[in-house]
Each structure stands twice: as C-alpha cells, then as structure tokens.
1. In the range 516-648, with Lys and Arg counted as +1 and Asp and Glu as -1 at Cβ, which of these residues, I550, P610, S529, has the Cα nearest the positive end of the dipole, that is, farthest along it?
2. Counting only protein heavy atoms, what percent of the accessible surface of the range 556-630 is carbon or sulfur at a 1.4 Å probe?
3. Between K363 and R339, what is 0.36 nm times their sequence separation minus the Cα-Cα distance? Round to one decimal in nm.
4. D303: net charge of surrounding residues, Cβ under 14 Å, Lys/Arg +1, Asp/Glu -1, itself excluded?
5. With n ≥ 4 as the cut-off for DSSP H runs, can you work out [θ] at 222 nm for the chain, using -39500 (n - 2.57) per run divided by the number of residues, rounded to the nearest 500?
6. If you roll a 1.4 Å probe over the range 42-87 with all protein chains in place, what percent of the accessible area is carbon or sulfur?
7. Show me, for the range 21-29, the HN-Hα J-couplings you get by feeding each phi into the Karplus relation (A = 6.51, B = -1.76, C = 1.60, θ = phi - 60°), rounded to Hz, glycine and proline as x.
8. Using Cα pairs under 8 angstrom and six or more residues apart, how large is the relative contact order of the range 221-362, in percent?
Amino acid sequence: MSIIAYHNSRILSCRRPQGALRCLEEAAVSILLRGPKAEKARVLLRLWHSGREEMISGSRYVSTEGVTFTFSFSAPEKPQLMWYYFIIDTDEGRLYYGARSGEGKLQRTPPEDYQITCYDGSFETPEWFRSSIVYQIFPDRFRKGSPDRDGNTSAERSKYHTDMGRTVSFHDNWDEQPKYKAEQDEEYYTPNDYFGGDLRGITEALPYLASLHVGTIYLNPIFEAVSNHRYNTSDYLSIDPILGTDYDFWCLTEEAKKYGIRIMLDGVFSHTGDDSLYFNKYGRYKALGAYQSKASPYYEWYDFRSFPDDYRCWWNFTTLPEVNELTPGYVEFIKTVLRKWTSLGAGAWRLDVADELPDDFIKIIRKELKAISPDILLLGEVWEDASNKTWEKGLREYVYGHELDSVMNYPFGDAVCDFLTYRCDAFMLQDMLASQQERYPEPFYRACMNLFDSHDAIRVLSVLSGAPQKGTLNREEQAEFVLSDEVLALGKRRLRLASSLAYSMPQPPCLYYGDEAGVTGLSDPFNRSTYPWGHEDKELLAHYRRLGEIRTENRVLTDGGACFLAVNADVIAVYRSSCGSSSLTIVNRSESDISIAIRETDFREGKLAPDVRFAQAYTDALTGERYCSSGCTLRFILSSLSAIILIK
C-alpha cells in the first residue's frame, strides 16, 4: 500500500479524552496518514451508536509528519457502547483502519471496531472499597470459634440439620483433606462434610486480618443451606446454624468496624436449593413449598415445565431450581433480605453469577441498596470483560452506572499468572491492562476486585508452581497430586511477584484465605482446604503483611492514576502518580538478572502517560534500597524473579 496509517486508541494525541466517556462528553479521534498518496486521501470516521451508523467528516492538518485527520463528536445522551473505525478513500480504492484496542492496521475490508464506553456522568463507587484490601473467606474452612452463648460448638449446632433428616459429617482432624468423592451410601459426591469454621472464628481472627491491613472481608454464603459451600440456599433470612446466629453476625460486623473492616455478603439470587423453605422438595419445612403445591406462595418463583418434577434448574443441577427473578413477590422478598442483613452491618454485596441475572433485577438491587446508603458496594461475579459481555437479549449493562459498582476482576489475575508462567509475555500483559483501563468507566475500573484465585479456581500458588490446568486431572488424581519442593519454591517466588503487582494496581487486591500462608490446591473441593493455623509459611506471610503496610501507608498506590509499560518480554512496569508523589513497580519474571533502562517517554499509553515524571530518588519499599534517576531515565540491574516497588 502507498499509504501508512497510524491511530492508537490508548494514546492521548490519537483519542482525547482517554478511556470511557460520560454521556454528552465531547471527544475527538485522530488518524495520521503518511506516504505519497496521503495528501489526496479522503477520510471518514464511521461511528456506530444508538442503533445506527453515522459518517463523520473531520478537519485536515498537514505537517512534516504527514496528514492528520481529526474528528469531533459527542457521547450519546444515554449510556451505551460506541464503536468506530476509519474509512480511507484513495486513488487505489477504499481502505479501512481499525482494531479492538490500541494500534490498528490498514486493510481492504471493514475491520474490527474500536470501543468507547459511555456511562452515566453521576456514577460513583464507594471510596472505602477502592482503597481497600479484600480478604475472601470460605467460612467452614477458615477458623473454628469458641463455643457460642449457649456453650455449643459448630459441630453441636449441626444437630439442627440432622434433626431435619439431613446427612452431616464432621472431620476429626482440621488438617485433613476435604471429602471429594461419594460415600458408599451416596450415588453422587455431595459436599456435606464440615470442618467447623464459623462466624465466631472469623471474629476472633480479626486481629490477624488487621495485621494484613484487610479493609473488606468477602464471605462466601453464610445463610442456611444443605452444603458446606451454601450456594444452595435454604433460608435467606437465617444464618446457617453451623456458622452461628444473627447475633454472631452482628457481633462480627460490630467488632470488624473497630478495625476499619467491612463485611461483604454473597447474594445467591439466581437459584435456591431444592431442600429449602421455598421449594421444599423433601417436606422438611412447615411452609408449603413450590414443589409441594401450585397453591404455594413461592410457586411463581420457579419455572415448572411439568409439575412437580420437571423444572428449570441451574446448569441442569436438579438440586438448584432457578427462580424467575422479576416475579414481583420474589423481588419484594429479596428487598427484605437486603434490608435485614444490611441493618445488621453488611457493608457490601457480591452477586453470584451476575451474568445470569436480568439487567432489570440488578438495577432493582442497586436501587434498594443505594437508597439505604450510597456507600454500600454492589459487586458482580463476571469472569470476562464486563464492558461488552453479551447474553440472549444483547449487551449487558453492568458498566453504565445504573447496575453494578464493579466486578471480580478475573481477567487481571489470569493475565498476570499467564505472564509469570510464560503463557504470554509482558507486551500481552500490558495490552490487557491498558485495554481494560480504556474500556471501563473510571469509577467502575477503580473498584474492580483484583483476584488470582477463589473458591471457584485453582489456588494461585499451585498455578504458579506449574500445576495441571483445570479439567486436566480427575478428582482422584487431584487428591494424589503433590507439588515437588523445587517447583513449590519457584511458585512462591512467582507469588511474591504477582502479589507485588496486585498491591501496586489502582484497584483493591483480593487475597483468598490461606494464600498468604502458602496453601495449595487444585479444583473444587481441593481449593477449599482449611487455613493452616500454626503451620503457615512465615516468610510468605511476612511478605503479605509488608505489602499491606506499603499499600495503606502510600496513598499514591490507592489514589493515583496508572499507566503500564512492557520493558521487554520478561519485564512489566506499573507507574502511579498522585499529588506530587509517584511510584514505579517493576517485575522481572525471568530467571536471569536484567539490565534495565526506563525513560519517562517510554510510557506512551493512557491519560497519565504525558505526565510521567520520575523523582530524582526512589526507595524500594520492599528492601529499603535507593534508586536514582538521571536525565529522565532510571537505570539499574533487576535481579531474577524479583519485584521492586519504588516510592517517592
């Protein structure tokens, strides 16, 4: 081609302002053409929004660099996604320029569209969460508390379930492996084994969590249910007796406040358990359940294809009948649930399988919570890019400002782990980090919960030690799988790098209970083993405590803007800046020392890039070592498998 074109959606000179737009905000995009045919070229911006195509003509500026075409437009009045690419007509025919994000390419057929997210300008997310460190707890496996006010232990309180005819088994040894296969009298594996962790145990562990500088505890479900994971809710208005009582929950929230810690509850609202007050398949409750009669007050909550045994259920698990979330009676009931637990101290909610909940239902939940207090957080379980996620009714509306505050940021954790295990390089990691920053509204982006693992994923230490990927081994093979001391040592070094990155990002890092102590494990249920009290990896634990201290003591890490740089294939850098302070986190994944030279101008992408300024001297917050810049450049040797967090 006789024309060279350049546009990068993540560079300020090409797109202004950077990132998502508020509704009605003014914006401009530019494309540079070079070559003998550039001055005669005609360029249009093809813009798609509000369900229609719009062709925009722009201004033309000739310089020694070439011909720059600039196009101005306004974001739509209503939140939505906008899409654009460039159409270039030359003497040789029509060309197109586009990409999903970043630098595009010329081609002769219509390209991928650049995305611009347009959101409600009044959208804000709770500041307390954006600056928090999150700690996820699977309640049964974290800590046993002292006996309750009646002198009963969690095991003794399980009598509630056995009296109803349910099978419950308690492990004798806190350190043994979770049950992973069916018992002799079971047709299928059922997660009905318990170790006895409870709410009192969490309350008694608050000083420990405070030593990690935790600001938010995310609890997996705590409502009455017939399993150790409790995602098959039996009664939304009662704490599972094994975990404790309403009073125990209130005590937890009140005591947590003394440490500046808030509690996030897990709202499982897409389905209930079949053994529940509402469905009552086995007749264990006095209430008339939907399974028992069409006259049940809960009948309309569910979809019966053929009453009573053929009903819509979550992923075809008949123990998890799905609900019709927008049924008026169900909506009003969930409002009652939200009000009760919020009145007892819950400061945030995580919506389980948010991508399976109707948009209108999420809006109702948001409206209810924000009416109680704008400071209550609403987080969604979304595994992919939340800005352009689709379902059968089209694009989801998570990021527009009238649904979720934010999401669990699985893409971040996956990308960092892929980088550290050589499934991608630093350039690919930079692309992921920068493109997410570009697509998410700033309030949504800053509240993304950055995690590496959870109750649904392989433990991060196992991943970074090279464990087989999910689905590779069956449960019997997983139960026997052991990481060698050599690969585990490598995994721990990588975990220090991953955590250093996470604690340097502009979003709250999330720590899955036990990761800081060196816990490993493959898929469910092996990723849900108990916290190793008294057997922690002391060095790893000290590392996480230090990271928590660094993040909470340096506001630049919680308040500052961010931009990213792949120094080379093995080295990634994160620059942060706020109110005259700056930080620079640099990670070397390779097993060799690397000579590093980073210039301020190497940071080219993101709205902060033009303002990158190195301090004359930095201190590595991890080691205390000093680093000096010279001529807007930092030069040093970065050791193998190491990270530095430079703070000024």
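1. P610
2. The nonpolar share, carbon plus sulfur, comes to 42 percent.
3. Length gained between K363 and R339: 7.1 nm.
4. Taking every Cβ under 14 Å from that of D303, the sum is -4.
5. Helix contribution divided over all residues of the chain: -6500 deg cm²/dmol.
6. 48
7. Taking θ as phi minus 60°, the curve returns 10, 6, 4, 6, 5, 7, 8, 8, 10 Hz for the range 21-29.
8. 24
The values are calculated or read from the model by the stated rules, or taken from the named source; none is laboratory data. The shown structure was predicted, so the numbers you read here are calculated from the model rather than taken from an experiment. All Cβ positions, glycine included, derive from the backbone under ideal geometry; neighbour counts span all protein chains shown. Quick note on the areas: whole protein, heavy atoms, side chains included, nothing else; ligands and nucleic acids left out. Shrake-Rupley method; radii C 1.70, N 1.55, O 1.52, S 1.80 Å.
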